[in-house]
Amino acid sequence: MSSVHLAFSSSAGVALSSLAEGAQGVIVEVRQVRGAHPVSEASVERLLSLGVTPGASVTLLQRFPGIVFLCDQTELAVERGVADAVLVRLRENPS
Amino acid sequence: MSCHIAHEHAAAASRPLTLRSRPMRIALVGQPNVGKSVVFGRLTGRYVTVSNYPGTTVAITQGRALVGAEVCDVIDTPGVNALEGTVSEDERITRDVLETDRADLVVQIADARNLRRALMLTGQIATFRKPTILALNMVDEAFARGIVVDARALEAELGIPVVEMVAVEGRGLAELRDALVRAAVPQLPPAAHASAAARAEWAHALTTRVRHVSTLSLARVQEALAWATRRPLTGLPILAVVLYALYLFVGVFGAQTLVKLLEDGVFGRGVNPASTWLFSFVPFPLVRDFFVGEYGLITMGVTYSIAIVLPVVATFFLMFGFLEDSGYIPRLAIFCDRIFRTMGLNGKAVLPMVLGLGCDTMATMTTRILGTPKERLIAILLLALGIPCSAQLATILGILGGISFAALATLFGVVIGQMILVGWLAARVLKGERSEFILELPPIRWPRVGNLLTKTRLRVWWYLGEAVPLFLIGTVLLFVLDRVGALVWLSAAGRPIVTGLLGLPPATAQILVMGFLRRDYGAAGLFQLAHSGQLTGVQAVVALTVMTLFVPCVANFLMMVRERGLRTGLAIIGVITPIAIFTGAGLNYVLRALGVQF
Ligand SMILES: Nc1nc2c(ncn2[C@@H]2O[C@H](COP(=O)(O)OP(=O)(O)O)[C@@H](O)[C@H]2O)c(=O)[nH]1
C-alpha cells in the first residue's frame with residue numbers, strides 16, 4: 001500500500017524499508033504515505049530536519065527489531081512505516 | 001570589543017537603531033546534543049545538566065556572561081531540529097525566544113559532523129532576521145572521522161561569522177566572543193527560505209561545496225559497541241548484563257550496603273539515640289513525640305528520607321546518568337518500540353519509563369520529550385500505575401527476593417500485564433494521535449566523569465529539595481492523624497477492603513494510607529511489617545502489587561497536575577485506585593484458590 005505516486009515518480013527510487021542490510025544508496029525523495037500505515041507530514045518534516053533529505057547517502061544497518069540506518073554521519077532508528085516514506089536510488093555493487 | 005558595539009552594529013544591520021538600557025541578550029540555538037549546554041557553561045561560568053539523549057535540555061536556562069567589559073544575558077534554548085511546520089513544545093519555546101526581544105543576537109551551535117543538518121536549521125533561523133553567528137562545535141570528533149569544513153568559505157556563503165570550536169576543551173570560545181561584534185543577519189539565496197525541500201537541496205549543495213570528507217575512519221571500538229548494542233543477538237544479552245549491573249549497584253550496594261550503614265550505623269547508633277536523649281530533657285510529651293516518637297520528625301521522617309531513600313536514589317541517578325551519557329538508552333528504544341506501540345506510545349517512551357525506576361515524579365516531568373499530548377498522557381498514566389520508583393523497587397526486591405523468585409515473577413508479571421492492558425485500552429479510548437518512531441542514536445562514548453558527577457549531584461539536589469520536605473510534611477500529617485485518632489478511623493474504614501477483599505493484616509490499611517502521603521514511605525512501612533514476620537508469602541505479593549499499582553505519591557500527583565491540569569490528575573487517580581484494588585483482590589483470590597504458597 002506504499003503510495004500511488006511512487007509508480008509515477010520520475011525519480012524511480014525504492015523504499016528504504018525494502019533495502020537489504022548493508023545496502024547503500026542516495027535518497028531521491030522523502031514523501032508522505034497514505035494507506036494502512038500512513039506516514040504523516042510531521043514525520044516527513046522531522047526526517048528532513050534530521051538530515052534525511054534528497055542527496056544524502058544512506059546505508060541500511062539493520063532491519064530487526066526496528067530499522068536502523070546511517071544517513072551521512074547520523075544514525076537513525078525508525079519504525080518500518082516511516083522507512084516506506086524514504087525513497088532511495090541504490091548504489092551499484094556496494095563493496 | 002564590547003557587547004554594545006556588537007549590539008549597535010547588529011541592530012543597524014537588521015532594523016532601525018534602537019537604544020536599549022538593558023544588557024544585550026544572546027540566544028544559543030541548536031539541534032539537540034550538539035554541545036549547547038557545554039558552550040553555555042563555558043560562556044557564563046554557570047553549569048547546566050549535560051546530557052547525551054536527544055531532547056533532554058527542556059527548560060530555558062539563563063546566565064550572565066562578560067564579553068569584553070560588557071555584561072550580556074545568555075539564554076540557553078531547548079535543542080531543536082526544526083522551527084517551522086509542526087513543532088514540538090520545545091521548538092515552540094525556542095521559536096518564541098527568536099521571535100521576541102528575548103534575543104538580540106543568535107549563536108547557532110552546530111555539530112561539525114552534521115553540517116547539512118545544521119544548515120537546514122540556519123536557513124530557518126535566518127527567517128527571524130536577527131544577527132547570527134554559526135559556531136561549528138565538535139571539530140575534534142569531525143576531524144577523527146576525516147571531516148574538514150572550510151569555515152572561511154562558509155562565512156562567505158552565509159554572510160555571517162563562522163567559528164570552529166571544541167567546547168569541552170574550551171577551544172574556540174575566545175574566537176566566539178571576538179566574533180560577537182561581527183554578527184550579521186544571514187544573507188541566503190531565496191531557495192533557503194522557499195520550502196523544506198528547497199532548503200534541503202540548498203543545504204546539500206552548500207555542504208558539498210565547503211565540506212571535505214576523507215576516508216571514513218570511525219573509531220573502531222565505538223563503532224563495534226554501537227553495532228553490538230542494537231543487534232538483538234548481542235543487544236539482549238548486553239541489556240541483561242546492564243540490568244544485572246543496575247541491580248548490583250542500586251539494589252545491593254545502594255539499597256543494602258549503604259542503607260545498612262546509614263540506617264543501623266549513623267541513625268541507629270548516632271542520630272536517633274542522641275536526639276532521643278536530647279529531647280528527654282523536654283518536659284512536654286507532645287513535643288517529644290513530635291520529634292522522636294513513633295511518627296517523629298527525626299526518628300521517622302529524617303531517618304527514612306536520608307537513610308533509606310537517599311542511597312537508593314543517589315546510586316540510581318549515577319547509573320542512569322552513565323547509561324544516558326554513554327548513548328545507550330536511545331538504543332534500548334529500538335527494542336521497546338513494538339511493545340510500546342501497542343500501548344499508543346513509541347520507543348522514545350523508554351527514557352521516561354527507565355527514569356521512573358528512579359523517581360516517577362521526575363519521570364513525569366520528562367514525558368515532555370514525547371511527541372503528542374496523547375502520548376504524554378498515556379506515559380504519565382503508566383508511570384503512575386506500574387513503574388515502581390527506586391524506593392519501592394528496593395522494598396519489592398528486599399521483601400520478595402527473600403521469599404522466592406516465583407513471588408517476584410508473579411508481581412512483575414501482574415504489574416506488566418496491567419500496564420499493557422491499561423495502555424492498550426488508553427490508546428484506543430483516548431482521542432489524539434500517536435507519533436511515528438524516529439529517533440537519533442547518538443554515538444556510543446565513554447561519559448566524562450565531571451559531567452556525570454555534576455549531573456548526578458544536580459539530580460540528587462533536586463530530589464532532596466522536592467522529596468525531603470514532602471517526607472517531613474507527610475510525617476507531620478501522620479503525627480496529626482495519629483493524635484486526633486484519624487489514623488485509627490481511616491484504618492478501620494479501609495479494613496473491610498484490606499482484610500476482606502485483599503486478605504491482608506489490618507495494619508496494612510494504615511500503610512496504604514501512608515503510601516499516598518509518600519509512595520515509597522508506604523513501601524518502607526511494609527518493609528518493617530514483613531521483617532517482623534507479620535506477612536505470609538501470598539500476603540506480601542498481594543500487598544506489594546497493590547502498592548505498586550496504587551495511587552502515586554503526593555509529589556507525583558502534584559507533578560501530574562502541573563503538567564496536565566487538575567482534572568486530568570484527579571481522573572488518573574480515579575482510574576488507578578479501582579484498578580489497584582481490584583487487581584489485588586483478583587490476585588488474592590486466584591492465589592488462594594490455587595493454594596499457592598511461594
Ligand atoms: N568530543 C566533543 N564532545 C563534545 C564537545 N562539545 C560537547 N561535547 C559532548 O557532547 C555531549 C552533548 O553535549 P550537551 O552540551 O549536553 O549538548 P546539548 O544537548 O546541545 O546541550 C556531551 O556529552 C558533551 O560532553 C566537543 O567539542 N567535542
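The values are calculated or read from the model by the stated rules, or taken from the named source; none is laboratory data. Keep in mind the model is a prediction, meaning the values are calculated, not measured. Here the Cβ is made from the backbone with ideal geometry for all residues, glycine too, and neighbour counts use every protein chain on show. Each accessible area value is taken on the protein alone, full model and side chains, heavy atoms only, with ligands, DNA and RNA left out. Shrake-Rupley method; radii C 1.70, N 1.55, O 1.52, S 1.80 Å.
Taking the Cα centre of the range B:232-593 as reference, the dipole from Cβ charges on Lys and Arg (+1) and Asp and Glu (-1) amounts to some 580 debye. In chain B, helices alone account for a calculated mean residue ellipticity at 222 nm of -18000 deg cm²/dmol, with every DSSP H run of four or more residues adding -39,500 (n - 2.57).
Across the range B:232-593, counting alpha-carbon atoms alone, Rg and Dmax equal 20.6, 68 Å.
What do you get for trypsin sites (Lys or Arg not before Pro) in the range B:371-479 restricted to DSSP loop and a cutoff of at most 11 other Cβ within 10 Å of the site's Cβ? Of the trypsin sites (Lys or Arg not before Pro), the ones in loops of the range B:371-479 whose Cβ has at most 11 other Cβ atoms within 10 Å are B:Lys431. The stretch between B:Leu430 and B:Arg338 holds 31.2 nm of extra length on full extension. This uses 0.36 nm per residue minus the Cα-Cα distance. The antiparallel fraction among DSSP beta bridges confined to chain B stands at about 40%.
Ranking B:Phe322, B:Ala394, B:Ile339 by how far each Cα lies toward the positive end of the dipole of the range B:232-593 (charges on Cβ) leaves B:Ile339 at the top. Per residue, the convex hull spanned by the Cα atoms of the range A:3-90 measures out at 81 cubic angstrom.
Charge tally for B:Val87 (other residues, Cβ to Cβ under 14 Å; Lys, Arg +1; Asp, Glu -1): -4. Treating the Cα atoms of the range B:10-214 as identical point scatterers in vacuum, please give the log10 of the normalised Debye intensity I(q)/I(0) at q = 0.08 Å⁻¹, two decimals. Log10 of I(q)/I(0), two decimals: -0.24.
Along the axis of the charge dipole computed for the protein assembly as shown (Cβ charges of +1 for Lys and Arg, -1 for Asp and Glu, origin at the Cα centre), the listed residues B:Ile444, B:Gly79, A:Val44 are led at the positive end by A:Val44.
A dipole drawn for the protein assembly as shown from +1 and -1 charges on Cβ atoms has a positive end, and of B:Ser275, B:Trp461, B:Ala540 the residue lying farthest that way is B:Ala540.
Over all other residues within a Cβ to Cβ distance under 14 Å of A:Glu29, the charged ones net out to 0, with Lys and Arg as +1 and Asp and Glu as -1. When the surface is traced with a 1.4 Å probe over the full set of protein chains, B:Leu425 keeps roughly 90 Å² accessible. For the protein assembly as shown, carbon and sulfur atoms together expose 65% of the accessible surface, with a 1.4 angstrom probe and every protein chain in place. Working value for the protein assembly as shown: equivalent-ellipsoid semi-axes of 50, 31, 22 Å, each the square root of 5 times a Cα gyration tensor eigenvalue, largest first. Solvent exposure of B:Trp424, expressed as accessible area, is near 110 Å², computed with a probe of 1.4 Å over the protein chains only. By DSSP, the beta bridges lying fully in the protein assembly as shown are antiparallel in about 65 percent of cases.
Taking the average, over residues, of other Cβ atoms within 10 Å as the packing measure, peptides B:70-79, B:350-359 rank B:350-359, B:70-79 from highest down.
So, in Å, what gap is there between the alpha-carbon centers of the range B:418-445 and the range B:542-578? Here the two parts' Cα centres lie 20 Å apart. Among the residues of A:55-63, the average count of other protein chain beta-carbon atoms within 10 Å of the residue beta-carbon is 3. Spacing of the modelled spin labels on B:Glu294 and B:Ala406, each 7 Å from Cα toward Cβ, amounts to 3.6 nm.
Protein heavy-atom accessible surface, 1.4 Å probe, per residue over chain B: 41 Å². When B and A come together, around 3000 square angstrom of accessible surface is lost from both chains combined, probe 1.4 Å.
For the residues of B:81-92, the average number of beta carbons from a partner chain within 10 Å of their own beta carbon is 3.
The charge dipole of the protein assembly as shown, taken about its Cα centre with unit charges on the Cβ atoms of Lys, Arg (+1), Asp and Glu (-1) only, comes to about 500 debye.
A Cβ-based charge dipole, computed about the Cα centre of the range B:10-214 with Lys and Arg at +1 and Asp and Glu at -1, lands at about 200 debye. Counting Cβ atoms of other protein chains within 10 Å of each Cβ in A:67-73 and taking the mean gives 6.
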